[in-house]
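These notes concern the structure reproduced below.
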There are 4 protein chains.
Amino acid sequence: MQTLKFGLIGTGYMGKAHAIALRAAPTVFQLPAQPVCELLAEVDGELASSKARELGFARATGDWKALISDPEVDVVDVCSPNYLHKEMALAAIAAGKHVYAEKPLALSAADALEMVEAAEQAGVKTLVGFNYIRNPATQLAREIVASGEIGELIHFRGRHNEDYLSDPELPHGWRTRRGTAGAGALGDVGSHILNMAEYLTGQRVTEVFGQLQTVISRRPHADGSGGTGEVENDDQAQALLRFDSGLIGNVEASRVAVGRKMGLAYTLTGTKGAILFDQERMSELQLYQSEGPKGRRGFRTLLMGPEHPDYAAFSPAAGHGLGYNDQKVIEIRDLVEGIVMGRPLYPDFREAWRVNGMIEAIERSHIEGRWARVVA
Amino acid sequence: MQTLKFGLIGTGYMGKAHAIALRAAPTVFQLPAQPVCELLAEVDGELASSKARELGFARATGDWKALISDPEVDVVDVCSPNYLHKEMALAAIAAGKHVYAEKPLALSAADALEMVEAAEQAGVKTLVGFNYIRNPATQLAREIVASGEIGELIHFRGRHNEDYLSDPELPHGWRTRRGTAGAGALGDVGSHILNMAEYLTGQRVTEVFGQLQTVISRRPHADGSGGTGEVENDDQAQALLRFDSGLIGNVEASRVAVGRKMGLAYTLTGTKGAILFDQERMSELQLYQSEGPKGRRGFRTLLMGPEHPDYAAFSPAAGHGLGYNDQKVIEIRDLVEGIVMGRPLYPDFREAWRVNGMIEAIERSHIEGRWARVVA
Amino acid sequence: MQTLKFGLIGTGYMGKAHAIALRAAPTVFQLPAQPVCELLAEVDGELASSKARELGFARATGDWKALISDPEVDVVDVCSPNYLHKEMALAAIAAGKHVYAEKPLALSAADALEMVEAAEQAGVKTLVGFNYIRNPATQLAREIVASGEIGELIHFRGRHNEDYLSDPELPHGWRTRRGTAGAGALGDVGSHILNMAEYLTGQRVTEVFGQLQTVISRRPHADGSGGTGEVENDDQAQALLRFDSGLIGNVEASRVAVGRKMGLAYTLTGTKGAILFDQERMSELQLYQSEGPKGRRGFRTLLMGPEHPDYAAFSPAAGHGLGYNDQKVIEIRDLVEGIVMGRPLYPDFREAWRVNGMIEAIERSHIEGRWARVVA
Amino acid sequence: MQTLKFGLIGTGYMGKAHAIALRAAPTVFQLPAQPVCELLAEVDGELASSKARELGFARATGDWKALISDPEVDVVDVCSPNYLHKEMALAAIAAGKHVYAEKPLALSAADALEMVEAAEQAGVKTLVGFNYIRNPATQLAREIVASGEIGELIHFRGRHNEDYLSDPELPHGWRTRRGTAGAGALGDVGSHILNMAEYLTGQRVTEVFGQLQTVISRRPHADGSGGTGEVENDDQAQALLRFDSGLIGNVEASRVAVGRKMGLAYTLTGTKGAILFDQERMSELQLYQSEGPKGRRGFRTLLMGPEHPDYAAFSPAAGHGLGYNDQKVIEIRDLVEGIVMGRPLYPDFREAWRVNGMIEAIERSHIEGRWARVVA
């Protein structure tokens, strides 16, 4: 059987999730090629070796450039902090490798576009890890919208709020610096809901009006020196949206939303129904349809089951529940199939560039106090 | 015992709710005066008489001006369509009556201000029926915010979405015409959430950025002639908010939000906790506090009980549940006490003028495409 | 207009709820007679007078027998502790009065039967205050079951659990003594769910197997003397049920179920659907139907609205929510209509006797360790 | 690194779940030995080969006895229908292999005991797949109970209801025959909740009173011949429970509970708090504690996170959600650690024998109409 050899750069939060998914994917799905955990790169050789053992990679290196140039590696899997995505991806593309990168793709739309163009010229495949769109419930939401079951969309409400930086005593990290993270909550979690706004509606966001705020303006230095430094990007953001069809909507993103752990949620309102979803209850979709006798209408809780997208591969029985990592398994399936079978991948770098475009438009409109066009 | 004689104008939806509450209030609460259902006005004498019998009013008239000039009437209770509020209230004030009016107060902020000034010059008491703020759960939310239990507020999200005009076959009525309703969803249900934004936070909305949309642009004429006419105000509206303290937030209002029946909901996020509320589950408040061991934190469902504001008067036992009309009972209690004991009433005409001010600022910003100051 | 004059005995929890409902009922509904709050009896004349003023009764007496013999009183409304129901009801019946009594009807099935027979011989109307069956959501559940929308019933699960006696420091009261309350949780809250089991299913419980437990076996004396006395009835009870049709089910009752405030809940499972209900969310019914595509099935949250039983009288708009006291308003409507129009009342003394019969069968089976037939 | 070689018998529902978990476990957890998917047995060699490829097993056989005698196999993983568990497990034990078996362990308590004794004499390790107890939320519930955070337990309510056989047109299969399944719903899903009753409370069920019912008494023959045959075991069961400490409780099990997909749920009531759980929302636990001001008490929704048992291995961020298969990953971790490090395994065959004992006692009490002691 054909293999697809992965080189993983970075073993934090996302690196481990990728490793778990690479292991599970070929058992869950019938894949056209066997993904192989070939080579792992970390900041030094010792950590790399230890992580390779832990995560089941065959080889390790302390030099990510060596990983990229390694002839055995087919796919470069970029799980590093945001500011490294560009350099690594461009190097991988230059080496003719397919690139699987975490989100947001880049620190700026200009950087993202450079990556898009490089990838397209090189003819390599790219995929960006907006994994929540793989959740069967969200795939189902998209299907319901596309099928017209809730009529024509008239409103989209989305949010991705978490509280991981709500403690003011948490020190600076790469996420709180402009130069390493780009936008703050808007880029980190907001990128998910902005991509999802287009994914779910099947429409393009054309104009935005945004408002950003850094709630905790200074944080302790990471070195424990006792001083504090300015937080350089947003803690919370909100925006009104205009889509190309005339649809309107709004989004929120926050990293200081006390109490919210996985607060990605959306409401899709159509002329004949509505959909509610909350990722904290990731295996449920609420569906309302203006059908049947009025006294029997209501939001219906659909528990995901084998009738829904990609669920049956995990369990033949409804209601048994998928987890966060299962979304990554589906993402790996899409990636492997896309590469081996030459299918288009979604969201590829070009699509992810749009997300950077939306982020920048929200920031621009915040500064200018007026609607901003999404350039992407 | 002292009495307070009510003259009710209008017996639609709200008129009946007022009548029920006037009956129940003196048994639920120990009032300083006995409210009396004295006189009822409707568009003609016959309907007035029939409604007076039905709603338990002592006398009836087909002429609202007669009601206002009736020497027995202490309080004029204005439950007519929006466009009649001003004329009726000004007449009542001129006759030296206290005025209890439904919301929104007026078709424009200028009209509202005229009413404010007349009432204040005449020295009569006024109260506007933003009844949802009487719900014990919402009173509790305000208490929790004011007490600092969730720290300092950093975000307010509010919506009041319903679907009462989501059917495009529903014909025109006074609500769909600029001249009779003023703003559409924004004025009708949006006025509730805008008032509540200030009530809950204890802060003033100073600037807004709004977006309005008429989703169903034409509706059948009310006369059944078969033609259609243009809908003159918004079906849905959304806005970003700036409060005087620097707090930010957003609101939505809709009359075409398919599936939402009583979709008034809010999220208050503070630096140390958060509150969630949904009027469709009106006797519950969700409270999160960043206290205690991390593994034991979560949103707590507080069922209203005798420890909470105004609940004990309805039932000595927790969790037994209040209903929509019970909110009006509390409103009547506040009105009677305010008049008899000379207490300030909230929200009075001046406070309701602010709501008209916010509505107009949202409309203005929608047209101008930039932040608009709330003038009120 | 015809009047129906009420004499209320007892002004605790239930007495006030009755008074509120008597006031509100004629405004909510178009009644065939005007209920009048005529006479109120309490343990002494002073308290009676004070309560009459508070609750809006025209006259007061410190002697309940005087109330019963009062020629103006048409309906005797018994809101006294359980152990007084029998004597008062029999006296009222002897005086030819209609009797409206709180639940459980009597301390024993034998007492209840004596009351049934007296009432039926005298030809007076009787109604027992199992008010939760008036909730529109529960009326709707019964309609759905009766209509066959969920097929043939195969299982009933019911519970009424509260925590009002969960604190072991709470002293004895009439509820904890056999001679004043009869059964404990089983009689107090269990009586509701037992009546509801028959109401909802439209079937008779024929045999039961029960288990009772007094969790807090001793409580402080009520006189504050510092000593403790034995609790004489059950704190929690559970039973398996057999209905006449072959349907099976189970019930729970508790007064020590920590965390439950209004924990009346049921699940009705049929061959083609199911219903879930929880009185803590009293304006919602969850309905599942085995219809339509499998991927679109789920429990639907029906928010009560004007399409549902008795809701429209309270509000023309769906989702606005009824409260606990509104159930009593519906009960009063049924009572007044039943008396004036000569309609059968449900649940009358005979029906309430069945509840006493079920309670005793549960107690008997607990002692004997085997199924017990319901004698009633 | 040490390896532990697995031989899997049966590749239905559970077989695939085991295979996925065997793949993922060493990446999720740091295991003391590497589980290897060595050999797979199915009913014939062709199917076995195909399934081995699909599920990632190195070798395949059409003869389960060959698997058991294969010298490379360390652990025999029994995922066959219930009636084969005994023969296969005894053979594996005789061959000195550790045994990992699906539930219920055996068709009867006597069979289970025979298996217990064989395993204990042979000194092999055994584990039975009651996987729901591995869910971090349920592990947390047990910890909370054991810690006394909700005081002393006074009531346990459990159910495991599904609707997988609610369609009367579904034909016979091994689950509907006494000789191949043993008990029906009681054995299949009921075994989970009975084991969980003891796991959560830390107490033993000593006596039970049960009621069983076959709702759909005849089903089509599996061969499509058009005739029907009698269903030989229960579709639904319910029982009252007595635990050794005096604690009482009840359980339900159903395979015809229309609308319930993964209806394993429990309520644990203590003297100072309560816990609610529903596997359909498997990453949430509801916790009530009688602490703090009364007006701030309520059921708290704990979203599983890294502070809770075993969660951190899957994700460092709270609320991200585990799925059904993740429970099996934890089970594999426990199995591997137990075998390699010589730790006791829970639930082993002896513990699973108790479940068969409870099932039989429920069946016996149903027939005899009285309490039955659990013999195990």
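The values are calculated or read from the model by the stated rules, or taken from the named source; none is laboratory data. Source: prediction; values computed, not measured. FYI the Cβ positions are ideal-geometry reconstructions off the backbone, even for glycines, and counts take in every protein chain you see. Areas reflect the complete protein model, heavy atoms only, side chains present, ligands, DNA and RNA absent. Shrake-Rupley method; radii C 1.70, N 1.55, O 1.52, S 1.80 Å.
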Could you tell me whether any residue of the stretch D:20-43 is more than 14 Å from chain A (Cβ to nearest Cβ) and open to solvent by 40 Å² or more (accessible area, probe 1.4 Å)?
-> yes
When both residues are 6+ apart or on different chains and their Cβ atoms are under 9 Å apart, which pairs have a first residue that lies in the stretch A:272-299 and is within 13 Å of chain B (Cβ to nearest Cβ), and a second that is open to solvent by 50 Å² or more (accessible area, probe 1.4 Å) and part of a helix (DSSP H, G or I)?
-> A:R281/D:R281
Could you please give the count of residues in the stretch B:255-267 that are in a strand (DSSP E or B) and within 14 Å of chain C (Cβ to nearest Cβ)?
-> 3
In the stretch B:232-247, anything over 24 Å from A:E149 (Cβ atoms) and open to solvent by less than 10 Å² (accessible area, probe 1.4 Å) is listed as B:N233, B:D234, B:A237, B:Q238, B:A239, B:L240, B:L241, B:F243, B:L247
Members of the stretch B:209-221 that are open to solvent by 30 Å² or more (accessible area, probe 1.4 Å) and either among the charged types (D, E, K, R) or out of contact with any strand residue (DSSP E or B) (no Cβ under 9 Å at 6 or more places or on another chain) (or both) | B:R218
Kindly indicate whether any position in the stretch C:3-10 is closer than 28 Å to B:A17 by Cα, crowded, with 23+ Cβ neighbours inside 10 Å, more than 10 Å from chain B (Cβ to nearest Cβ) and not aromatic (F, W, Y).
-> yes
Inter-residue pairs, beta-carbon under 9 Å, first among the hydroxyl-bearing types (S, T, Y) and in the stretch A:331-359, second open to solvent by 30 Å² or more (accessible area, probe 1.4 Å), 6+ apart | A:Y346/A:D334
Pick from the stretch D:46-59, criterion open to solvent by 40 Å² or more (accessible area, probe 1.4 Å) and either in a loop (DSSP other than H, G, I, E, B) or in contact with a Gly (Cβ under 8 Å, 6 or more places away or on another chain) (or both), ranking: farthest from the other protein chains (Cβ to nearest Cβ) | D:E46
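Listed here are the residues, each with its yes/no results for (1) touching a Lys or Arg at 6+ places or on another chain (Cβ under 7 Å); (2) β-branched (V, I, T).
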{"site": "C:S147", "(1), (2)": "no, no"}
{"site": "C:P171", "(1), (2)": "yes, no"}
{"site": "C:T176", "(1), (2)": "yes, yes"}
{"site": "C:G184", "(1), (2)": "yes, no"}
Sole miss for C:I367 among (1) hydrophobic (A, V, I, L, M, F, W, C); (2) under 24 Å from the mean Cα position of the chain (by Cα); (3) more than 10 Å from chain B (Cβ to nearest Cβ) is condition (2)
Mind checking which residues of the stretch D:134-186 are aliphatic (A, V, I, L, M), assigned to a helix (DSSP H, G or I) and buried (at least 20 other Cβ atoms within 10 Å of the Cβ)?
-> D:A137, D:L140, D:A141, D:I144, D:V145, D:A181, D:A185, D:L186
In the list C:R373, C:R364, which residue meets the criterion of being assigned by TED's automatic domain parsing to the domain that holds C:F209 and of a type in the set (D, E, K, R)?
-> C:R364
Tell me, yes or no, whether the stretch B:202-215 has at least one residue that is without any contact (Cβ under 8 Å) to a residue 40 or more places away in the chain, within 14 Å of chain A (Cβ to nearest Cβ) and outside any strand (DSSP E or B).
-> yes
Any residue in the stretch B:27-41 that is more than 22 Å from B:I330 (Cα to Cα) and free of Cβ contacts under 8 Å to residues at least 60 places away in the same chain?
-> yes
Those residues of the stretch C:15-73 which are among the basic types (K, R) and within 30 Å of B:S50 (Cβ to Cβ), in sequence order = C:R23
Does the stretch A:341-362 include one or more residues that are of a type outside the set (G, A, S) and within 14 Å of chain D (Cβ to nearest Cβ)?
-> no
Close pairs from the stretch C:160-179: first within 13 Å of another protein chain (Cβ to nearest Cβ), partner open to solvent by 70 Å² or more (accessible area, probe 1.4 Å), Cβ under 8 Å, at least 6 apart = C:L165/C:R175
Quick one: in the stretch C:99-123, of everything that is in a helix (DSSP H, G or I) and of a type in the set (G, A, S), which residue is surrounded by the fewest Cβ atoms within 10 Å (Cβ to Cβ)?
-> C:A110
Checking A:D348, A:D326, A:D310 in turn, the sole residue that is at positive phi and of a type outside the set (K, R) turns out to be A:D310
Which numbered condition D:G229 fails, given (1) surrounded by fewer than 19 Cβ atoms within 10 Å (Cβ to Cβ); (2) of a type outside the set (S, T, N, Q); (3) in a loop (DSSP other than H, G, I, E, B) | (3)
Selection from the stretch D:1-25 of residues that are small (G, A, S), in contact (Cβ under 8 Å) with a residue 40 or more places away in the chain and either in a helix (DSSP H, G or I) or closer than 13 Å to D:V336 by Cβ (or both) = D:G15, D:A17, D:A21, D:A24, D:A25
